[in-house]
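Here is the structure we will look at.
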Number of protein chains: 2
Amino acid sequence: MTRLGPVAPRRTDTSALLPLGLDEVTLGPGFWGDRQVRNRTVTLPHIRQWLEKAGTFANLRAVAARDTAAAHRGMLFADSDAYKWLEALGWTGSAPADVIGVLAAAQDSDGYLNTHYQLGTPGRRWTDLAFGHELYCLGHLIQAAVAQVRGAGDTALLEVACRFADLAGDVFAEDGLCGHPEVETALVELYRVTGEDRYLALAGTFLDRRGHGFLGPGRFGPAYYQDHMPVRAAGTMSGHAVRALYLATGMIDVYAETGDRSLLEAAVTQWDAALAAKTYVTGGQGSRHVDESFGDEYELPPDRAYAETCAGIASVMLAWRLLLITGHGRYADAMERALFNVVAASTSDDGRHFFYVNTLQRRGPGPGRPEWFDCACCPPNLARLLASLQAYFASTGADGVQLHQYASGTVAATLAGGRRVAFAVDTDYPSSGRITVRITGTDGGAWRLALRVPQWSAQTTVTIDGTARAAAPDDRGYAVVERDWRPGDSVTLDLDMTPRMVRPHPRIDAVRGSVAFLRGPLVYCFEQIDQPAGADLADVAVDARGVPHVAGDVLEVPGIQRTPAAWGGSLYRDDDPAPEPGRQVTLIATPYHRWANRTVDAMRIWVPLEHRAEAGA
Amino acid sequence: MTRLGPVAPRRTDTSALLPLGLDEVTLGPGFWGDRQVRNRTVTLPHIRQWLEKAGTFANLRAVAARDTAAAHRGMLFADSDAYKWLEALGWTGSAPADVIGVLAAAQDSDGYLNTHYQLGTPGRRWTDLAFGHELYCLGHLIQAAVAQVRGAGDTALLEVACRFADLAGDVFAEDGLCGHPEVETALVELYRVTGEDRYLALAGTFLDRRGHGFLGPGRFGPAYYQDHMPVRAAGTMSGHAVRALYLATGMIDVYAETGDRSLLEAAVTQWDAALAAKTYVTGGQGSRHVDESFGDEYELPPDRAYAETCAGIASVMLAWRLLLITGHGRYADAMERALFNVVAASTSDDGRHFFYVNTLQRRGPGPGRPEWFDCACCPPNLARLLASLQAYFASTGADGVQLHQYASGTVAATLAGGRRVAFAVDTDYPSSGRITVRITGTDGGAWRLALRVPQWSAQTTVTIDGTARAAAPDDRGYAVVERDWRPGDSVTLDLDMTPRMVRPHPRIDAVRGSVAFLRGPLVYCFEQIDQPAGADLADVAVDARGVPHVAGDVLEVPGIQRTPAAWGGSLYRDDDPAPEPGRQVTLIATPYHRWANRTVDAMRIWVPLEHRAEAGA
């Protein structure tokens, strides 16, 4: 029996591809496998400690003990931090009976469970739907319960979640919705686990109710929580980025189970629009600090990028759903970009420090990744994604297996008709672009192995039996090899790892005239600590005449150190200043995901491009 | 007897220049005179209506009536809105006995007066110094009282202010300070009006106590309220912009009366640093929405500019103090920039709508100036500045009169030794750059007339008795004419009003490769409504080969309409896209201060500069 992972559709005719189980894909040593181990062995215990320290568990214990005098500690949605941690544990196969027991004990007799309202303000349940986060917390409780069932085989939490979900179904039978979308996608998964239609119906109802101004303007206007227009009418992602992304995730899930194409089409439109005008080169989304929102089209300041870690995680979850439904590799490309450049960047090398905001530029020294946050949504969100990460890497279709993300490990799948196939993947991706797939099990019949050819790979070869040929991706972006496979057969994919100098769309005012460097899926950045003496990141430019050179995992980029003194301390000048004297320097770029692990100082992804020929030696 | 205006030093040896009285300068019809009339006849009554509507007066009446059951309405510092309005009225010579009577009645027997704390939470006085704004409100009460005394000759409010200030002196004898600087500058003015040394001493004490972490980190860190380092140690403006500017204003005022040069030098250093790296081309200051703060050096995004109206006002107040102390025209230049491009821009043509945030770019339609704000600091702040504006335009020194700002009107002054001189100014500045000064009264002896030559005026002539000569500004930036003046003598100054294409410092990433257009003191902007059909402000560039043409108050700028479709909907591209097809268009720029009076749509001050020669016709 396969242990299902996140997103396990009941209805299969709405999806081009089907997910594999948690135990059908394994990640071996390497970029992601190492991070998954670190997540399990370091980050999850770290989070448990902080849930204790921050009072999150204390809140639950106080309610369980009916200690009504206890004061709630932390943010009003702090319960969700514990739920995300429980979800992560579930995906790793662990069911902490003690914590789940406290949760069951904390639940009110009618099913209600939210320590912020249970402690101190029980009479105020459901009185602040715009900002109260009660259904948001229910959503994360459900997702934890689903993970506990699927990953750990433990149904204790599911009973708690169902009781609360049933209460919500009664309370919201006629009206109401939550300011923070999340419960919609969760309810679809609860329907999938339980088979109870009412949960799917409630998810759809919450979607339908959105966008009619029910929540009021709040501090930031109704677009902040996507209540400014019906979900099917919105043509782009607006407002709070995490909210917008979770909402679209729920829309896709409801489509997957109901076949309501208007929801899918709206979600695709919104996602495409966000990618076309509201996404950083890292895949980060959310341009504004003040309301954690997407911002306007082409408003993508690198220095004030918000690019919240949770938005990156949500974008992976969303793109995965679209990938399953459409089978199109562009969604796997988007997942890859966000995984390597937001998810991986947000956690420190030690697995115990996290960025909430993933900026693309700093101008000088500053704080690095904290151990924890007052608003601690990000660390346990990372944990639940990492704990289930292998489930996002491969899938099956009617005719074979699709490999979407590249990491050493193994894949096993049951094809249509019950045929079992298996293969191993060997790669040190993304250090190199070579991925070798070796068939380890098959029944001898023909099936298709589909390997994603990332859009960024300009020249890709596929080598079979020692014969290399240029990959000819299908219309979904996959190199498909159909063979009568035998164990020991191998296919090698060689992706183009030539460094790429990337230009921004001319409408992105904030990085006009600048370029960024990428190699494979990795965005590179320039940290001050790596630059040669005298090269100040405030004043360097990339020499347009030069070609970046790969030296290990580092890029050496021909650059020019300019002299700001020529401006004489003025900020604006009427005259056209003579080109500043410059001298040639070699700038050093390293993968962005590693930044701020040594020092936290000036860093930039985008660097001005200098076309001037006369730069002195 | 001269009616003194804002900033009336008792000690004169610390200042190079001395202010003139409110009645010694008049503004006639023209840019500023018209605005001053509108302020008095439209804006001040508008504000009174809103103070009623928003509950600000109701709060005061409730406390005056000892109606302890009444709930406080509005922001916790709403009292200060009424005080700023009373200050404005004072400068216009009006003392509303009804409102002042309510204030006196609302004052507690020990002198305390703050309706937020008096209504509902009287026991919490002084418990939240970081965010409670109690001393901030006292500061504005004092300034209102000072204006009532100097401008309207009414001392009733002064008694109220002194009683509250004396209470504050007792409460804060040993420790404490306010999270929002303002009381410091106010206390110096109270000292000036009353001659009571204790008020000056308390101002100095509050400055000395700052920067030792007393206020705690709060939500945004101690730099938010300038409590991160001692005021004499800070080398630039940091944190909340209005707070930082008011604080420096207080530092200068304390210097002016005590001669403590360390305060002056720190304030000058901070101001110079802000102008060198943290100021928009409009003179606006404050780059971040989330905490209304200055932001980092060179962090000057035009689209997300905060540039709060109150910060612009505070910068005028600060620069005026530095101008008086140093006599240097660069401070008058800064005042002029902020007056024409922040203060003037913040108010609608009808005088009843106001910007709180003065952005330099919008990408599409959006909200315009509201009538009022929940946080209503800006409208009455504008009113108090406009009501006293003439006091900021001219000064006297030992040897004559200095004219700093240009507007039609009259100036009279008493020189050292008691000589009275007077002149009229005739100009339609800033439409033209011609300013004619005609002597209307003098005793026949020689004195110096100093006319500021703005730094932006590349070619300036002075014409006396029909003879024009190139202006030779002195080391403070003034064209000084010393004569044995007779009534009827005239001097004409011709400033260079050639449009200027201004480039940003290369470190300002956000507007790299773009230019702005200025003419005289005015920053121009491009509003979508003015552009020719087919010219979308998202895609236009300025043709580097062209020369802007002045057509009335409009600039016609040769431009290029680019074609974004060539990017095919992608945001980032590896290849170097061929230059997009472009066509030549004539872009229309109008003075920025007028923007958003017709439509609120795309607007930009900075436009990319296109050097490409091949743009098609």
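The values are calculated or read from the model by the stated rules, or taken from the named source; none is laboratory data. Here the structure is a predicted model, which means the values were calculated and not measured. Cβ: placed from backbone, ideal geometry, glycine included. Neighbour counts: every protein chain shown.
Restricted to strands (runs of 3 or more DSSP E) entirely inside the range B:424-540, those with at least 1 residues that are of a type in the set (Asp, Glu) are B:478-483, B:490-494, B:522-527.
Within the range B:250-287, track down each residue that is in contact with a Lys or Arg (Cβ under 6 Å, 6 or more places away or on another chain) and within 14 Å of chain A (Cβ to nearest Cβ). Passing the criteria: only B:Gly283. Here B:Val511 meets each of (1) more than 10 Å from every other protein chain (Cβ to nearest Cβ); (2) at negative phi; (3) within 29 Å of the chain's Cα centre (by Cα); (4) aliphatic (A, V, I, L, M) with one exception, condition (1). The residue of the range A:234-259 that is surrounded by the most Cβ atoms within 10 Å (Cβ to Cβ), among those that are assigned to a helix (DSSP H, G or I) and among the polar types (S, T, N, Q), is A:Thr249. Selection of the range A:483-506 for residues being farther than 27 Å from A:Gly552 by Cβ and facing another protein chain (nearest Cβ under 9 Å) yields A:Pro504, A:His505, A:Pro506.
Within the range A:381-432, the set of residues being under 16 Å from the mean Cα position of the chain (by Cα) and among the basic types (Lys, Arg) comprises just one member, A:Arg384.
Taking the range B:435-479 on its own, how many of its residues are among the hydroxyl-bearing types (Ser, Thr, Tyr), touching a Leu at 6+ places or on another chain (Cβ under 9 Å) and closer than 17 Å to B:Val25 by Cα? Looking only at that region, the number is 1.
Return a yes/no flag: does the range A:406-416 have any residue that is within 24 Å of A:Pro473 (Cα to Cα) and part of a helix (DSSP H, G or I). Within the range A:406-416, one or more residues are within 24 Å of A:Pro473 (Cα to Cα) and part of a helix (DSSP H, G or I). When we screen A:Ala538, A:Ala578, A:Ala602, A:Ala596 for residues that are small (Gly, Ala, Ser), more than 28 Å from B:Trp271 (Cβ to Cβ) and within 37 Å of the chain's Cα centre (by Cα), the only hit is A:Ala596. Considering only residues in the range B:62-84 that are more than 31 Å from the chain's Cα centre (by Cα) and of a type in the set (Gly, Ala, Ser), the one that is surrounded by the fewest Cβ atoms within 10 Å (Cβ to Cβ) turns out to be B:Ala69. Filtering the range A:514-551 to residues that are within 14 Å of chain B (Cβ to nearest Cβ), surrounded by fewer than 20 Cβ atoms within 10 Å (Cβ to Cβ) and within 20 Å of B:Arg507 (Cβ to Cβ) leaves A:Asp536, A:Ala538, A:Asp539, A:Ala544.
Within the range A:354-368, being surrounded by 19 or more Cβ atoms within 10 Å (Cβ to Cβ), part of a loop (DSSP other than H, G, I, E, B) and either over 18 Å from the mean Cα position of the chain (by Cα) or free of Cβ contacts under 8 Å to residues at least 24 places away in the same chain (or both) holds for one residue alone: A:Arg363. Counting only residues that are touching a helix residue (DSSP H, G or I) at 6+ places or on another chain (Cβ under 7 Å) and part of a helix (DSSP H, G or I), the range A:313-353 holds 25 of them. Annotation note: of B:Ile560, B:Ile605, the sole residue that is in contact (Cβ under 8 Å) with a residue 24 or more places away in the chain, in contact with a Cys (Cβ under 9 Å, 6 or more places away or on another chain) and either within 13 Å of another protein chain (Cβ to nearest Cβ) or not hydrophobic (A, V, I, L, M, F, W, C) (or both) is B:Ile605. Residues that are away from every other protein chain (no Cβ under 14 Å) and touching a residue at least 12 places away in the same chain (Cβ under 8 Å) are absent from the range A:288-305. Residues that are more than 14 Å from chain B (Cβ to nearest Cβ) and of a type outside the set (Lys, Arg) within the range A:563-591 comprise A:Gln584, A:Val585, A:Thr586, A:Leu587, A:Ile588, A:Ala589, A:Thr590, A:Pro591, listed in sequence order.
The residues of the range A:274-289 that are under 11 Å from A:Val357 (Cα atoms) and crowded, with 24+ Cβ neighbours inside 10 Å, listed by number, are A:Gly284, A:Gln285, A:Gly286, A:Ser287.
This table checks each residue for (1) in contact with a His (Cβ under 6 Å, 6 or more places away or on another chain); (2) surrounded by 22 or more Cβ atoms within 10 Å (Cβ to Cβ).
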| position | (1), (2) |
| --- | --- |
| A:Leu86 | no, yes |
| A:Ala97 | no, no |
| A:Leu103 | no, yes |
| A:Ser109 | no, no |
| A:Tyr117 | no, yes |
| A:Arg125 | no, no |
| A:His133 | yes, yes |
| A:His140 | no, yes |
| A:Ala147 | no, yes |
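Looking across the range A:436-449, just one residue is surrounded by 22 or more Cβ atoms within 10 Å (Cβ to Cβ) and out of contact with any Lys or Arg (no Cβ under 8 Å at 6 or more places or on another chain), and that is A:Val437. Checking B:Arg66 against (1) part of a loop (DSSP other than H, G, I, E, B); (2) basic (Lys, Arg); (3) in contact with a strand residue (DSSP E or B) (Cβ under 9 Å, 6 or more places away or on another chain), which single condition isn't satisfied? Condition (3) is where B:Arg66 drops out. Are there any pairs with C-beta distances below 7 angstrom linking a residue in the range B:219-233 that is in the same structural domain as B:Ala203 (by TED's automatic domain parsing) and outside any loop (DSSP other than H, G, I, E, B) to a residue that is among the basic types (Lys, Arg) and crowded, with 22+ Cβ neighbours inside 10 Å, with the two at least 6 apart or on different chains, and if so which? Final answer for the pair search is B:Tyr225/B:Arg243. Here B:Glu308, B:Glu292, B:Glu336 are screened, and the one residue that is among the charged types (D, E, K, R) and surrounded by fewer than 24 Cβ atoms within 10 Å (Cβ to Cβ) is B:Glu292. Looking at A:Ala186, A:Ala203, A:Ala223, just one residue is touching a Gly at 6+ places or on another chain (Cβ under 7 Å) and more than 17 Å from A:Tyr136 (Cα to Cα), and that residue is A:Ala223. Being closer than 22 Å to A:His72 by Cα, without any contact (Cβ under 8 Å) to a residue 40 or more places away in the chain and within 26 Å of the chain's Cα centre (by Cα) is a description that applies to A:Ala161. Taking the range A:214-228 as the range and being hydroxyl-bearing (Ser, Thr, Tyr) and either touching a Cys at 6+ places or on another chain (Cβ under 6 Å) or within 19 Å of A:Phe172 (Cα to Cα) (or both) as the test, only A:Tyr225 passes.
Looking at the range B:339-352, can you tell me whether even one residue there is within 14 Å of chain A (Cβ to nearest Cβ) and surrounded by fewer than 24 Cβ atoms within 10 Å (Cβ to Cβ)? Checking the range B:339-352: not a single residue is within 14 Å of chain A (Cβ to nearest Cβ) and surrounded by fewer than 24 Cβ atoms within 10 Å (Cβ to Cβ). When each of B:Gly444, B:Gly466, B:Gly417, B:Gly409 is tested for being more than 14 Å from every other protein chain (Cβ to nearest Cβ), touching a residue at least 40 places away in the same chain (Cβ under 8 Å) and out of contact with any helix residue (DSSP H, G or I) (no Cβ under 7 Å at 6 or more places or on another chain), the lone residue that passes is B:Gly444.
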